[in-house]
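Undergrad: I'd like to ask some things about the structure below.
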Amino acid sequence: MTTILYIILGIVILIVILSIIGPKHYDVSRSIEIARPKAEVFEYLKYLKNQQKWSPWDKKEPDMEKRFTGTDGEIGAISYWKGKKVGEGEQEIMKIVEGERMEGELRFMKPFKSTSDCYLIAEELAPKSTKVIWGFKGKNAFPMTIMALFMNMDKMVGKDFEEGLSDLKVLLEKS
(Lines give C-alpha, C1' and ligand atoms only; values in the text may rest on other atoms or scores of the structure.)
Protein backbone atom coordinates (compact mmCIF):
# COMPACT_ATOMS: atom_id res chain seq x y z
CA MET A 1 0.00 0.00 0.00
CA THR A 2 2.80 2.46 0.85
CA THR A 3 4.51 1.61 -2.45
CA ILE A 4 1.41 2.68 -4.34
CA LEU A 5 1.25 5.93 -2.35
CA TYR A 6 4.94 6.65 -3.14
CA ILE A 7 4.30 5.97 -6.83
CA ILE A 8 1.28 8.30 -6.84
CA LEU A 9 3.23 10.97 -4.93
CA GLY A 10 6.13 10.59 -7.40
CA ILE A 11 3.78 11.02 -10.36
CA VAL A 12 2.19 14.12 -8.79
CA ILE A 13 5.62 15.63 -8.09
CA LEU A 14 6.72 14.87 -11.65
CA ILE A 15 3.61 16.54 -13.08
CA VAL A 16 4.16 19.62 -10.90
CA ILE A 17 7.83 19.89 -11.92
CA LEU A 18 7.04 19.43 -15.62
CA SER A 19 4.30 22.07 -15.48
CA ILE A 20 6.69 24.51 -13.78
CA ILE A 21 9.51 24.06 -16.31
CA GLY A 22 7.26 23.81 -19.38
CA PRO A 23 7.05 26.81 -21.73
CA LYS A 24 4.39 29.30 -20.66
CA HIS A 25 4.18 31.12 -24.02
CA TYR A 26 4.46 30.39 -27.73
CA ASP A 27 5.03 32.67 -30.69
CA VAL A 28 5.20 31.19 -34.18
CA SER A 29 5.65 33.31 -37.29
CA ARG A 30 6.95 33.14 -40.82
CA SER A 31 7.54 35.79 -43.45
CA ILE A 32 7.84 36.09 -47.21
CA GLU A 33 8.65 38.82 -49.70
CA ILE A 34 5.94 39.60 -52.26
CA ALA A 35 6.62 41.66 -55.38
CA ARG A 36 3.60 43.95 -54.98
CA PRO A 37 3.13 47.38 -53.38
CA LYS A 38 2.40 47.30 -49.65
CA ALA A 39 -0.99 49.03 -50.01
CA GLU A 40 -2.23 46.35 -52.43
CA VAL A 41 -0.91 43.51 -50.30
CA PHE A 42 -2.47 44.84 -47.10
CA GLU A 43 -5.79 45.54 -48.80
CA TYR A 44 -5.89 41.85 -49.72
CA LEU A 45 -4.68 40.57 -46.33
CA LYS A 46 -7.27 42.27 -44.16
CA TYR A 47 -10.18 40.25 -45.57
CA LEU A 48 -10.86 36.94 -43.83
CA LYS A 49 -12.61 35.50 -46.89
CA ASN A 50 -9.42 35.97 -48.94
CA GLN A 51 -7.61 33.61 -46.57
CA GLN A 52 -9.63 30.73 -48.07
CA LYS A 53 -7.64 31.17 -51.29
CA TRP A 54 -4.21 30.68 -49.68
CA SER A 55 -4.79 28.99 -46.33
CA PRO A 56 -3.12 25.58 -46.06
CA TRP A 57 -5.99 24.38 -43.90
CA ASP A 58 -8.55 25.15 -46.60
CA LYS A 59 -6.51 22.94 -48.94
CA LYS A 60 -6.50 20.12 -46.37
CA GLU A 61 -10.28 20.18 -46.07
CA PRO A 62 -11.91 22.28 -48.82
CA ASP A 63 -15.41 21.02 -47.97
CA MET A 64 -15.30 22.04 -44.29
CA GLU A 65 -18.27 23.99 -42.94
CA LYS A 66 -17.62 27.77 -43.01
CA ARG A 67 -19.57 30.81 -41.86
CA PHE A 68 -18.82 34.51 -41.80
CA THR A 69 -20.43 37.15 -39.63
CA GLY A 70 -19.90 40.88 -39.50
CA THR A 71 -18.38 43.02 -42.23
CA ASP A 72 -15.32 41.31 -43.68
CA GLY A 73 -12.18 43.44 -43.45
CA GLU A 74 -13.47 45.32 -40.40
CA ILE A 75 -13.10 44.88 -36.65
CA GLY A 76 -15.59 42.33 -35.36
CA ALA A 77 -15.73 40.21 -38.53
CA ILE A 78 -15.64 36.50 -37.68
CA SER A 79 -14.71 33.51 -39.79
CA TYR A 80 -15.96 30.19 -38.37
CA TRP A 81 -14.87 26.72 -39.55
CA LYS A 82 -15.66 23.14 -38.66
CA GLY A 83 -14.20 20.03 -40.23
CA LYS A 84 -13.03 16.51 -39.49
CA LYS A 85 -9.36 17.26 -40.26
CA VAL A 86 -9.08 20.92 -39.22
CA GLY A 87 -11.22 20.82 -36.09
CA GLU A 88 -13.55 23.61 -35.08
CA GLY A 89 -12.82 27.24 -34.37
CA GLU A 90 -13.17 30.83 -35.34
CA GLN A 91 -11.04 33.87 -36.06
CA GLU A 92 -12.19 37.39 -35.20
CA ILE A 93 -10.62 40.61 -36.40
CA MET A 94 -9.76 42.54 -33.24
CA LYS A 95 -7.62 45.43 -34.54
CA ILE A 96 -6.63 46.92 -37.86
CA VAL A 97 -3.81 49.40 -38.28
CA GLU A 98 -4.72 50.44 -41.82
CA GLY A 99 -2.01 49.60 -44.31
CA GLU A 100 0.18 48.00 -41.62
CA ARG A 101 -1.28 45.10 -39.66
CA MET A 102 -4.37 43.10 -38.88
CA GLU A 103 -4.66 41.45 -35.47
CA GLY A 104 -7.15 38.80 -34.56
CA GLU A 105 -8.14 36.27 -31.98
CA LEU A 106 -8.16 32.58 -32.82
CA ARG A 107 -10.57 30.56 -30.74
CA PHE A 108 -10.22 26.82 -31.14
CA MET A 109 -13.01 24.61 -29.83
CA LYS A 110 -11.89 21.21 -31.16
CA PRO A 111 -9.74 19.15 -30.98
CA PHE A 112 -8.41 21.28 -28.07
CA LYS A 113 -9.99 24.34 -26.57
CA SER A 114 -7.59 27.30 -26.70
CA THR A 115 -7.31 30.97 -27.59
CA SER A 116 -4.43 32.60 -29.41
CA ASP A 117 -3.64 36.01 -30.86
CA CYS A 118 -2.94 36.03 -34.59
CA TYR A 119 -1.52 38.69 -36.86
CA LEU A 120 -0.70 39.60 -40.43
CA ILE A 121 1.81 42.39 -40.95
CA ALA A 122 2.75 44.17 -44.18
CA GLU A 123 6.14 45.96 -44.28
CA GLU A 124 7.34 47.91 -47.28
CA LEU A 125 10.76 46.77 -48.49
CA ALA A 126 10.69 48.87 -51.69
CA PRO A 127 7.93 50.62 -53.67
CA LYS A 128 6.87 47.31 -55.27
CA SER A 129 8.11 44.86 -52.65
CA THR A 130 6.36 43.92 -49.41
CA LYS A 131 7.35 41.65 -46.57
CA VAL A 132 4.37 39.77 -45.12
CA ILE A 133 4.65 38.33 -41.61
CA TRP A 134 2.05 35.80 -40.52
CA GLY A 135 1.98 34.50 -37.00
CA PHE A 136 0.19 33.65 -33.81
CA LYS A 137 1.08 33.69 -30.16
CA GLY A 138 -0.44 32.82 -26.85
CA LYS A 139 -0.08 31.30 -23.43
CA ASN A 140 0.25 27.66 -22.53
CA ALA A 141 -1.95 26.76 -19.59
CA PHE A 142 -1.79 23.46 -17.73
CA PRO A 143 -1.74 20.73 -19.15
CA MET A 144 -0.40 22.35 -22.36
CA THR A 145 2.73 23.47 -20.48
CA ILE A 146 3.63 19.78 -20.11
CA MET A 147 2.60 18.83 -23.64
CA ALA A 148 4.70 21.71 -25.03
CA LEU A 149 7.81 20.02 -23.61
CA PHE A 150 7.26 17.13 -26.02
CA MET A 151 5.84 18.88 -29.09
CA ASN A 152 7.31 21.82 -30.93
CA MET A 153 4.61 24.33 -31.89
CA ASP A 154 7.01 26.10 -34.27
CA LYS A 155 7.68 22.91 -36.21
CA MET A 156 4.03 21.85 -36.15
CA VAL A 157 2.55 25.11 -37.44
CA GLY A 158 5.54 26.79 -39.08
CA LYS A 159 5.44 24.47 -42.08
CA ASP A 160 1.77 25.34 -42.66
CA PHE A 161 2.56 29.06 -42.43
CA GLU A 162 5.34 28.66 -45.00
CA GLU A 163 3.00 26.80 -47.37
CA GLY A 164 0.26 29.41 -46.96
CA LEU A 165 2.62 32.34 -47.49
CA SER A 166 4.07 30.67 -50.58
CA ASP A 167 0.55 30.29 -52.01
CA LEU A 168 -0.23 33.92 -51.09
CA LYS A 169 2.90 35.07 -52.95
CA VAL A 170 1.93 33.15 -56.10
CA LEU A 171 -1.63 34.45 -55.91
CA LEU A 172 -0.70 38.12 -55.45
CA GLU A 173 2.21 38.20 -57.87
CA LYS A 174 0.20 36.78 -60.77
CA SER A 175 -2.66 39.27 -60.38
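Undergrad: Run the accessible area of the stretch 89-175 with a 1.4 Å probe and give the carbon-and-sulfur part as a rounded percent.
TA: Accessible surface attributable to carbon and sulfur in the stretch 89-175 totals 58 percent.
Undergrad: Among the listed pairs LYS110/LYS169; LYS49/LYS84; LYS38/LYS82; LYS60/LYS113, give every one whose C-alpha distance is greater than 28 Å. Before the final figure, lay out the partial values.
TA: Values: LYS110/LYS169 30 Å; LYS49/LYS84 20 Å; LYS38/LYS82 32 Å; LYS60/LYS113 21 Å.
From the list (LYS110/LYS169; LYS49/LYS84; LYS38/LYS82; LYS60/LYS113), the Cα-Cα distance tops 28 Å for LYS110/LYS169; LYS38/LYS82.
Undergrad: Calculated FRET efficiency, LYS131 and SER166, Cβ-Cβ r, R0 22 Å, to nearest 0.05? Don't skip to the end; give the middle numbers.
TA: Numbers: r = 14 Å, r/R0 = 0.64.
With R0 = 22 Å, the Cβ-Cβ based efficiency is 0.95.
Undergrad: Take each complete run of DSSP H in the chain, measure how far its Cα atoms stretch along the helix's own axis, and keep only those covering 24 Å or more with mean Kyte-Doolittle hydropathy at least 1.0; list them. Let's see the in-between values first.
TA: Working: long enough: 2-21 (28 Å, 3.01); 153-174 (32 Å, -0.36).
Length and hydropathy pass: 2-21.
Undergrad: Say R0 is 30 Å: what FRET efficiency, to the nearest 0.05, do GLU103 and ILE20 get from their beta-carbon distance? Intermediate results must be reported in sequence, preceding the final value.
TA: On the way: r = 30 Å, r/R0 = 1.02.
Efficiency, rounded to the nearest 0.05: 0.50.
Undergrad: Going 7 Å from the Cα of MET156 in the Cα-to-Cβ direction, what parts of the stretch 93-116 have a backbone nitrogen less than 17 Å from that spot?
TA: Once the point is set 7 Å along Cα→Cβ of MET156, 106-116 turn out to lie under 17 Å by backbone N, inside the stretch 93-116.
Undergrad: On to the next question. What aspartates and glutamates sit close enough to LYS128 to cross-link, taking a C-alpha to C-alpha distance under 14 Å and skipping anything fewer than 8 places away on the same chain?
TA: Hits, sequence-local ones excluded: GLU33, GLU40, GLU173.
Undergrad: Please state the relative contact order of the chain as a whole percent: Cα pairs under 8 Å, 6+ residues apart? Write out the running numbers ahead of the final one.
TA: Numbers: 318 pairs, mean separation 53.7, N = 175.
Relative contact order for the chain comes out at 31 percent.
Undergrad: Here is a follow-up. Go ahead and run the numbers for FRET between TYR119 and GLU65, Cβ-Cβ distance against an R0 of 41 Å, rounding to 0.05.
TA: 0.95
The values are calculated or read from the model by the stated rules, or taken from the named source; none is laboratory data. From a predicted model like this one, the values you see are computed outputs, not experimental measurements. Every residue, glycine among them, receives a Cβ derived from its backbone with ideal geometry; neighbour counts consider all protein chains shown. What goes into the accessible areas is simple: the full protein's heavy atoms, side chains included, and nothing from ligands, DNA or RNA. Shrake-Rupley method; radii C 1.70, N 1.55, O 1.52, S 1.80 Å.
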